[in-house]
Amino acid sequence: MSATTHPQLGRLVDTLRRTVRAGQVATSGPEYDTGRSVWNGAVSSRPGVVVRCADPADARNAVLAARESGVPLSVRGGGHDWAGRAVTEGGLTIDLSGLRRVVVDPVAKVAEVPGGATAADLVSAAQPFGLTAATGTAGSVGMAGLTLGGGYGPLGGRFGLALDNLLSADVVLADGSLVTADAEREPDLFWALRGGGGNFGVVTSMRIRLHAVPTLLSGMVMYPGDQAGSVLDGLSDVLAASQDELTVQFGVLAGPDGKPVVFLSSTWSGDDALAGERALARLGALGTPLVLNVAPVTMPEMLAAIDAQFPFGRHVGIRTRSVPSLTAGVRDMLSLAGSTLTSPHSAVSVHSLHGAATRVPVTETAFGNRDPHLMIEIIALWEPGDARAADHRAWAGDLAGALEPDALPGGYPNLLGSDEVARIAHAYGPNTERILTLKRRFDPDHVFRAIPLPARP
Ligand SMILES: Cc1cc2nc3c(=O)[nH]c(=O)nc-3n(C[C@H](O)[C@H](O)[C@H](O)COP(=O)(O)OP(=O)(O)OC[C@H]3O[C@@H](n4cnc5c(N)ncnc54)[C@H](O)[C@@H]3O)c2cc1C
């Protein structure tokens, strides 16, 4: 299938061939295919042209050429946005996935992370120094996409969201200027980047704070679905105790025999190993487990295990809702999710925002919700060619509907689909006015379309 052709595409490609180094501009072939392919195999958008950036100057020249021609652009990092916002039909994709070489300063405990580096690139570079970073749960996710939108993860209780660990960023703005944003230089831009996603520019490099945590204690417990009620009751008490060092990601998925299981995937990041063992033992004693594995792991190992469960190319539809706590309504939804699963790959996964991430005042970054809460991902996932795609999507939509009475008005911008206008309106909470004002200042012509921002009142 060929891309829809923008009338100015030819002019754009000519300009790119003059301004971006040879071999980096692709309208077909393997380079083009790499640049346009994203994790969600259901995304069929075909950009008119892909620029495979070899350095920040390529990104700058690509932004200027897109502006001059009027062809819409999108930015691709790790390609994991399920909604496929990294590629725009008929437009220009600025592909940063060639910019991945992370450099670690072990004394300062800071990593220089290029705009296309993944979470795995970062933690693998830090690990030899006994250091690690606050990432999400999967290694193949792009660090920039994760960090700019938020970044819930296994170290969140202790070190905050991924974006709380961003020290500075180099950014190509809509007018082509290349600036560094941090607490002193361009502080408004720095504020907006921490939660506003890719709406403010192309981030070519980030400085990210590292932490001395060489190993973690990781626990995976699975209970049969029919124990969901009592297990989730017990889990509520553990979550209410809210230890910073303990993060529990939990939910439901299909077990090997197709029957639903409740999983509790916990990470202890504290220095007190005995306290960690006690905390994880408690999670293994909430019922009669089918699976109970507790072991020390490194962050690269932990992220690689999740990657194996979420390979590139399956088709995906995600709904997200945030709730204040593990209420009876949420517990009922999780039981319903298990009993109505339509695909063996689908799952509901719940992340908690607690500890350090909640102690950052909400107006300090653009991220809109710092109250303790649970962020729920309802993930419909199926093989390409599965004729029941509509059923899988409906499963996710129905569960999101079932959560409505308990759900907070906003939601996690990185996962909200562009159609969820009512939720997007509240996703930035008290930061809504400021983020819209800064969007107008830094990108008045809407060159960067990324995670959706609220509409102007
Ligand atoms: C398997 C899987 C696991 C996940 N786990 C978590 C998790 O644990 N915690 C969590 O919070 N989220 C998680 N997510 C969601 C993830 O954080 C977002 O989808 C994020 O946008 C992915 O970033 P990416 O660079 O891989 O995506 P891409 O699709 O490449 O980019 C998405 C958007 O981010 C912006 N962007 C990316 N790179 C840049 C850049 N360098 N400069 C400017 N803008 C940029 C662009 O607007 C782009 O359209 C997960 C997603 C998947 C698929």
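The values are calculated or read from the model by the stated rules, or taken from the named source; none is laboratory data. Note that the coordinates shown come from a computational prediction; the quantities given were computed from them, not determined experimentally. All Cβ positions, even for glycine, are placed from backbone atoms using ideal geometry, and neighbour counts span all protein chains on display. For accessibility, only protein heavy atoms count, side chains too; no ligands or nucleic acids. Shrake-Rupley method; radii C 1.70, N 1.55, O 1.52, S 1.80 Å.
Every residue in the stretch 224-263 that is open to solvent by less than 30 Å² (accessible area, probe 1.4 Å), touching a residue at least 60 places away in the same chain (Cβ under 8 Å) and under 20 Å from Gly153 (Cα atoms), please.
Scanning the stretch 224-263 gives Leu235, Ser236, Leu246, Thr247, Val248, Phe250, Gly251, Val252, Val262.
Going by what's in this entry, would Val38 be described as surrounded by 17 or more Cβ atoms within 10 Å (Cβ to Cβ), touching a Lys or Arg at 6+ places or on another chain (Cβ under 8 Å) and not basic (Lys, Arg)?
So Val38 fits the description; yes.
Sort out which residues of the stretch 135-153 are over 18 Å from Ser205 (Cβ atoms) and more than 8 Å from the ligand (Cβ to nearest atom), and write them in order of number.
Selection gives Gly139 alone.
Quick check on the stretch 152-166. Is at least one of its residues over 18 Å from the mean Cα position of the chain (by Cα) and either modelled with pLDDT of 95 or more or farther than 24 Å from Pro452 by Cα (or both)?
There is at least one residue in the stretch 152-166 that is over 18 Å from the mean Cα position of the chain (by Cα) and either modelled with pLDDT of 95 or more or farther than 24 Å from Pro452 by Cα (or both).
Quick check, is Ser265 under 23 Å from the mean Cα position of the chain (by Cα) and hydroxyl-bearing (Ser, Thr, Tyr)?
Judged against the criteria, Ser265 is a match.
Pull up the stretch 129-164, narrow it to residues that are β-branched (Val, Ile, Thr) and open to solvent by 10 Å² or more (accessible area, probe 1.4 Å), then point me to the one that is farthest from Met299 (Cα to Cα).
Ranking the candidates gives Val141 first.
Which of the residues belonging to the stretch 12-26 are surrounded by fewer than 16 Cβ atoms within 10 Å (Cβ to Cβ) and under 14 Å from Gly90 (Cβ atoms)?
none
Can you find, within the stretch 101-117, the residue that is nearest to the ligand (Cβ to nearest atom) among those that are touching a helix residue (DSSP H, G or I) at 6+ places or on another chain (Cβ under 7 Å) and assigned to a strand (DSSP E or B)?
Looking at residues that are touching a helix residue (DSSP H, G or I) at 6+ places or on another chain (Cβ under 7 Å) and assigned to a strand (DSSP E or B), I get Val113.
I need the full set of residues from the stretch 52-72 which are within 13 Å of the ligand (Cβ to nearest atom), under 28 Å from Asp419 (Cα atoms) and open to solvent by less than 10 Å² (accessible area, probe 1.4 Å), in order please.
Selection gives Val63 alone.
Testing Met302 on (1) surrounded by fewer than 17 Cβ atoms within 10 Å (Cβ to Cβ); (2) not in a loop (DSSP other than H, G, I, E, B), one condition comes back false. Which one is that?
(1)
If Ile435 satisfies all but one of (1) assigned to a helix (DSSP H, G or I); (2) open to solvent by 10 Å² or more (accessible area, probe 1.4 Å), what's the number of the condition it fails?
With (1) assigned to a helix (DSSP H, G or I); (2) open to solvent by 10 Å² or more (accessible area, probe 1.4 Å) applied to Ile435, the lone miss is (2).
If Thr132 satisfies every condition in (1) under 18 Å from Asp121 (Cα atoms); (2) within 11 Å of the ligand (Cβ to nearest atom) but one, which is the exception?
(2)
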